[in-house]
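Just below is one structure, and these are the notes that go with it.
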Amino acid sequence: MIHRALSFLDEHFEKMLCASFLLLLVSCIGAQIIMRYIFRSGLTWTEELSRFAFIWTIYLGISLAAKQQQHVRVTAQYLLIPHRLRPWFWLTADAVWVFFNLVFTIQGIGLVQHALQFPETTPSLGWSAAYIYTIIPIGFILMTLRIFQLYYRGFKTGTWREMTKVGGEE
């Protein structure tokens, strides 16, 4: 039962959260449109909440893209490298990617700590900006975990070299 729940979360965690935040975003914008054009009065908080939902969707989406190996990546240089060396160059590039993710995670944690130390509230909702900023380290940690997960599964099954296929290769 627990294994089944964890497996479900592993497969659908980012999708569910992205869909929820996207639904929140569309609902806020829809409510704002209805209020402005039908009732001739706007809601101040919907624009702010939709902006936060958009930001959270993006940062959760980067993790989802990493999980599905759908991140935009320049791959032309791999065509110049012999096939047997490509996986090693790919692995090195992903190690650099993970390093930058960790840098952004640390910087994001610093930003959250700063926002907690010097409180700043959002104009309409009155929320602490620290809570909004927490998505930065969360998104980069999740993306890093998904990259590690891909390599773990690839090394475990012996298919990690297949991750380095460059567009259109058989």
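Keeping all protein chains in the complex and leaving out DNA, RNA and ligands, what accessible area do you get for Phe99 with a 1.4 Å probe, in Å² to the nearest 10?
The accessible area of Phe99 comes to roughly 120 Å².
Over all pairs of distinct alpha carbons, what does the Kirkwood formula give as the hydrodynamic radius of the range 20-62, in Å? Write down the numbers at each step before the final one.
Details: mean 1/r = 0.0953 Å⁻¹.
The answer is 10.5 Å.
If each DSSP helix of 4+ residues adds -39,500 (n - 2.57) and the sum is divided by the residues in the chain, what number results at 222 nm, nearest 500 deg cm²/dmol?
Working: 5 runs with 120 residues, N = 170.
Only helices count here, giving -25000 deg cm²/dmol.
If I compute solvent accessible area with a 1.4 Å probe over the protein chains, what percent of it on the range 1-81 is carbon and sulfur?
70
For the range 42-170, report the accessible area per residue in Å² (1.4 Å probe, heavy atoms, rounded to an integer). Provide the component values of the computation, followed by the final result.
Numbers: 8000 Å² over 129 residues.
For the range 42-170, the solvent-accessible area averages 62 Å² per residue.
Extent of the range 24-160 along each principal axis, from alpha carbon coordinates, in Å, largest to smallest?
65, 38, 27
Let me check I have the definition right: for the range 48-125, take the eigenvalues of the Cα gyration tensor, multiply each by 5, take square roots. What are those semi-axes in whole Å, largest first? Please report the intermediate quantities before stating the final value.
On the way: eigenvalues 261, 52, 12 Å².
Semi-axis lengths for the range 48-125 are 36, 16, 8 Å.
Kindly state, to the nearest 0.05, the FRET efficiency for Ile106 paired with Tyr131, given R0 = 25 Å and r defined as their beta-carbon distance. Walk me through the numbers on the way to the answer.
Numbers: r = 19 Å, r/R0 = 0.76.
Approximately 0.85, to the nearest 0.05.
The values are calculated or read from the model by the stated rules, or taken from the named source; none is laboratory data. All figures in this text were calculated on a predicted structure; none of them were measured in a lab. Neighbour counts run over all protein chains shown; Cβ positions are idealised from the backbone, glycine included. Please note that ligands, DNA and RNA were not included when accessible areas were found on the heavy atoms of the full protein model with its side chains. Shrake-Rupley method; radii C 1.70, N 1.55, O 1.52, S 1.80 Å.
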